[in-house]
Amino acid sequence: MKKVMITGAAGLIGRMLRARWQGQWALVLVDRAEMEPAGPHETVVRCDLSDHAAMQRAMQGVDAVVHLGGISTEAPWADIRDSNIEGCYQTFEAARLAGVRRIVFASSNHAIGFYPRSTPLTGAEPVRPDTRYGVSKAFGEALASYYADKFGLTAVCLRIGTARSPDEPGELRHLSTWISHRDLAQLIERSIEADVHFEIVFGASNNREGWWPDEAQRRIGYAPQDSADDWRGRVTEHANDRDPIARDLQGGIYCSWENTRGATPR
Ligand SMILES: NC(=O)c1ccc[n+]([C@@H]2O[C@H](COP(=O)([O-])OP(=O)(O)OC[C@H]3O[C@@H](n4cnc5c(N)ncnc54)[C@H](O)[C@@H]3O)[C@@H](O)[C@H]2O)c1
């Protein structure tokens, strides 16, 4: 049975994957927050990602890491630095030392948030982060590229759009960015199994108004089954959709927070 570590296992996506993957793989569940006790084929490790000794112990025998752990929105620099920079580095380093084959890094659309919505992206463009959080995701992608090229720790970086609880779009922007839990689980499974060296893949469901072409998705064999279009008409305009900076940019309201420049194109 393949052994998969999920960091950030107490979070929204981590809990969703744990429930779906029970019995499919042996799971090593890592988080600094409290988690449900271990079930069959599960190991629960409560530690900080930056605790390199604990991370190295937890990593023994792991085949693949799904690295979700970290601050998942904009936050003060010290928090981003500790979890998303130092914690991310220690996770990759523990994986390298343990001979892990594949790491799936939960990146974000906020690594490219300042691109206009009218610009379709492939993943090959320079990053344009919209927050300190987005900068930390660009760092994680760079780290993944480095570990793949130098150490053969192959990687898939997922620029996840919007995964929510409840499992449905909540703003007009989400009609472009939403990914269902079912599609996200499939995307991460394909990212674990696909025969690739390094990929950046956008993570959205099959949304008619999506901004991200699906070439890399096809390369890893991801075929979304859901679509935000099913919620069209039921999603009402949110205050974020009216924000004059947010409304034309892919990162939405993240582009507007702390912004002293306005919506002027580059
Ligand atoms: N949900 C989305 O729409 C979305 C979109 C883009 C990217 N992502 C990324 O996917 C990942 C998971 O997202 P989520 O929605 O489940 O987030 P979440 O906030 O629900 O879960 C993150 C988990 O990481 C843990 N964590 C944070 N810092 C830690 C540290 N230093 N040591 C140990 N554990 C730590 C938290 O305790 C939490 O349980 C995150 O990296 C997030 O940035 C999510």
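Rule-based calculations on the coordinates, nothing more; no lab input. Source: prediction; values computed, not measured. Virtual Cβ from ideal backbone geometry, glycine too; neighbours counted across all protein chains shown.
Quick notes on this one:
- Residue-wise HN-Hα couplings along the stretch 255-266, as the Karplus relation 6.51 cos²θ - 1.76 cosθ + 1.60 with θ = phi - 60° gives them from phi, are 6, 8, 4, 6, 6, 10, 10, x, 9, 4, x, 5 Hz; Gly and Pro carry x.
- About the centre of its Cα atoms, the stretch 3-255 shows a dipole size close to 260 debye [charges on the beta carbon of Lys, Arg (+1) and Asp, Glu (-1) only; nearest 20 debye].
- Neighbour counts of other Cβ atoms within 10 Å put Val201, Val62 in the fewest-to-most order Val62, Val201.
- Each helix, a run of at least 4 DSSP H residues, gives -39500 (n - 2.57); summed and divided by the residues of the chain, these come to -8500 deg cm²/dmol at 222 nm.
- Table column - 3J(HN,Hα) (Hz), the stretch 219-231, Karplus curve with 6.51, -1.76, 1.60, x for Gly and Pro: 4, 8, x, 7, 10, x, 9, 10, 8, 5, 4, 5, 9
- Between the stretch 1-38 and the stretch 196-266, the alpha-carbon center distance in angstrom: 27 Å
- Straight-distance candidates among the aspartates and glutamates for linking to Lys2, with alpha-carbon spacing under 17 Å and chain neighbours fewer than 8 residues away dropped: Glu42, Asp63, Glu189, Glu193, Asp195.
- Computed over the stretch 109-242, the P(r) tail beyond 17 angstrom holds 60 percent of alpha carbon pairs.
- When restricted to Cα atoms, the chain yields an Rg and a Dmax of 17.8, 54 Å, respectively.
- Nearest 10 degrees, 0 to 90: helix 87-97 Cα axis against the chain principal axis: 40 degrees
- Across the stretch 151-158, rounded Karplus estimates of 3J(HN,Hα) from the backbone phi angles (6.51 cos²θ - 1.76 cosθ + 1.60, θ = phi - 60°) give 10, x, 7, 5, 9, 10, 9, 9 Hz, Gly and Pro being marked x.
- Neighbour counting of Cβ atoms within 10 Å sorts the residues Thr43, Thr122, Thr264, fewest neighbours leading, into Thr264, Thr122, Thr43.
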